[in-house]
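Report on the structure given below.
The values are calculated or read from the model by the stated rules, or taken from the named source; none is laboratory data. Nothing here was measured: the structure is a model prediction, and the numbers come from that model. Cβ placement follows ideal geometry from the backbone for every residue including glycine, while neighbour counts extend to all protein chains displayed. Side chains are part of the model used for accessible areas, which takes the heavy atoms of the whole protein and leaves out ligands, DNA and RNA. Shrake-Rupley method; radii C 1.70, N 1.55, O 1.52, S 1.80 Å.
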Amino acid sequence: MHYVSAEGISKSFGVKPLFSNISFHINEGDKIALVAKNGSGKSTLLKILAGQDQPDGGTVWIHKDVTVALFEQEPKFNEALSVLDNIFHYKHPVAEALRDYERIVDAEEKDPVALSEALAKLDELNAWDFEAKVKQILGKLNIHHLQQSVSTLSGGQRKRVALAQTLIDIGFEHKHVLLIMDEPTNHLDVGMVEWLEHYLNQENVTLLLVTHDRYFLDSVCDEVWELDGSTLFEYKGDYENYIEKKAARIESQQASIDKAKNEYRKELEWMRKQPKARTTKSRSRIDNFYDVEARAKQRIEDSKLELQMKMNRLGGKIAELKKVYKSFGDKVILKGFDYTFKKGDRIGVVGKNGAGKSTFLQMLQGHEPADSGKINIGDTVIFGNFSQQGLEIKEDMRVIEFVKRIAENFPLANGGSLSAAQFLQLFLFPPEQQYTYLSKLSGGEKKRLQLLSVLFRNPNFLILDEPTNDLDLPTLSVLENFLSEYQGCLLIVSHDRYFMDRLVDHLFVFEGDGVVRDFPGNYSHYRIWEKEEEQKKKQQSSAPEPVAQNSTAEAPTAKPKDKKKLSFNEKREFEQLEKELPALEKEKAEITEKMSSGTLPYEELQKLTNRITEVTQLLEEKELRWLELSEYI
């Protein structure tokens, strides 16, 4: 059954076309992810399908039995009402009965007669199954204070309440629902995202989704649509298949453009040689020339950020934390935390909301004092902080002026430099957009400019606090490619599992009550280990109590001890050592060769002598540990 049919729809803002003459169908059961750069019209297209906007041209047809539910990036509430009244705004008998029941249960003095009547009404409507689903949704999204006014909620809380409202709304509907979701995973922790994946897969729902979370996309969608250059391209399959097919499409387009350019040169040469009088045959060739010219002048807009930055030198001493304690009243953030940062450290910071991750980042940068202990930062360290707070704008100004206030030029590794305008172009701000006022930028464009402003200061220790929120997938891919080559220290707080898996080597896991675990591996490794630990606890708690033996009974024959098995952490450590040892041996050989040349100045020789001592010591320590672990493999 066709849920939606769109024929030849177009939309522009001013002179800028978002999309032009696009057609598509959404069928029952489709699970589609919509991908595009920020500003390409993703949110506008979703609003057109939800009836909140109209196309400039073309037609949109929605089946009369289909209900369209839209979850927006910026949720709208009745600010005067409570969380409960906003969630159950829906005029439906089950919704009203549940709302009345919740209000009676949450009242300080419960009215037994009213409670009895409310229960009878719920029985009559067979509402208990749905009530259980409502409680699951509210519990999993950590929504508990239902009488709180929505006007007092934080941005993250508002997002979760809006998500609960949408999921509950579609639960009241019959089977024909098109659920449209615009970045539903922003402000959700990983546990909530995993639950939402499971929930959407269990529900019989047709889905059109915009998300930057690639694991979430792969889990819930089986088709990717891309808005590119005002055209819609459709790809069956997962995100990996989309990337592969898109690369093939661009390669094919480029070959077609190159062929058209060669033909264009020949045709241009012919036209210049022709006399003024034109025959009918030559006129048709002239008409053909203009078609070839249009094809030849096509550009493939697939901008990639390739930036070889000249990073400020990072000295031997970076950052050292010794026996650091931090609390806010009864809430313990750190309890004797120790860590010495090394050059090239790539660390992910994970833990539940409120566990102290952001406080830790503030302490490292000197913005928040420790209660006790030492935090020593090296003299050469230059922090770059990409915070959740977003772009700090004290006054409205044009984009180019904002960047020039930081610096006029950006130094490159090859000794050259980029002007502020050139740097902006690398971050997908074309010249005409550089004179746009900051207040006119979209949320995603502001995020991109914030990232640019952090990197333009040329930091050697990057701190990224939820950097993926509001960034589109093309920009995220660009950022990941840049960070994977970054030579400084990286400290990342993110709920985006794909982003973390690609960039970090180990994790600081904030477990609560001041406990921080240093876990060797990326986020997916950690989740596997965590699930294994939970399974062990379940098995231990369900194991039968040992039966007391009579002291005179014969002792059982001693069994040989089982060979020790490596824990998940030890397996990861062993794998890491197998990568590190060859790299250290290679470095030692290279240093030895340099020192044997006899042409090095004294200062360089001294540095290499110090380094070979460090490398030799590291090799000895890691080889011993490797031997110790290899006994159990």
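Summary table
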{"item": "Matching option when the condition is among the charged types (D, E, K, R), buried (at least 16 other Cβ atoms within 10 Å of the Cβ) and within 27 Å of R502 (Cβ to Cβ), among D169, D213", "result": "D213"}
{"item": "Every pair of residues 6+ apart whose Cβ atoms lie under 6 Å, when the first sits in the stretch 202-224 and is more than 14 Å from D238 (Cα to Cα) and among the polar types (S, T, N, Q) while the second is open to solvent by less than 10 Å² (accessible area, probe 1.4 Å) and part of a strand (DSSP E or B)", "result": "T206/Y3; T206/L178"}
{"item": "Top-ranked residue in the stretch 33-67 [being β-branched (V, I, T), open to solvent by 30 Å² or more (accessible area, probe 1.4 Å) and over 21 Å from E226 (Cα atoms); ranked as farthest from the chain's Cα centre (by Cα)]", "result": "I62"}
{"item": "Unique residue being modelled with pLDDT under 90 and within 25 Å of V68 (Cβ to Cβ) when the list is L196, L217, L227", "result": "L227"}
{"item": "Residue list for the stretch 42-80, restricted to those being closer than 16 Å to L208 by Cα and aliphatic (A, V, I, L, M)", "result": "L45, L46, I48, L49, A50, V60, I62, V66, V68, A69, L70"}
{"item": "Boolean, T166 is in contact (Cβ under 8 Å) with a residue 40 or more places away in the chain, polar (S, T, N, Q) and within 22 Å of I48 (Cβ to Cβ)", "result": "yes"}
{"item": "Search result, residues across the stretch 329-383 that are under 26 Å from the mean Cα position of the chain (by Cα) and β-branched (V, I, T)", "result": "I333, I347, V349, V350, T359, I382"}
{"item": "The stretch 512-529, residues that are touching a strand residue (DSSP E or B) at 6+ places or on another chain (Cβ under 6 Å) and in a strand (DSSP E or B)", "result": "V516, R517, F519"}
{"item": "Criterion (closer than 30 Å to K16 by Cα and of a type outside the set (V, I, T)) met by exactly one of F402, F410, F337", "result": "F402"}
{"item": "N241 vs. criteria part of a helix (DSSP H, G or I) and within 23 Å of E480 (Cβ to Cβ)", "result": "yes"}
{"item": "Among residues of the stretch 384-405, those that are within 26 Å of the chain's Cα centre (by Cα) and open to solvent by 60 Å² or more (accessible area, probe 1.4 Å), counted", "result": "4"}
{"item": "Test: residue in the stretch 465-475 that is farther than 28 Å from N353 by Cβ, in contact (Cβ under 8 Å) with a residue 24 or more places away in the chain and touching a helix residue (DSSP H, G or I) at 6+ places or on another chain (Cβ under 8 Å)", "result": "no"}
{"item": "Residue match in the stretch 95-114 (condition: open to solvent by 10 Å² or more (accessible area, probe 1.4 Å), more than 30 Å from D465 (Cα to Cα), without any contact (Cβ under 8 Å) to a residue 24 or more places away in the chain and small (G, A, S))", "result": "yes"}
{"item": "Only one of K564, K579 that is more than 12 Å from G348 (Cα to Cα), basic (K, R) and at pLDDT below 80", "result": "K564"}
{"item": "Unique match (being without any contact (Cβ under 8 Å) to a residue 24 or more places away in the chain, among the aromatic types (F, W, Y) and buried (at least 19 other Cβ atoms within 10 Å of the Cβ)) among Y235, Y242", "result": "Y235"}
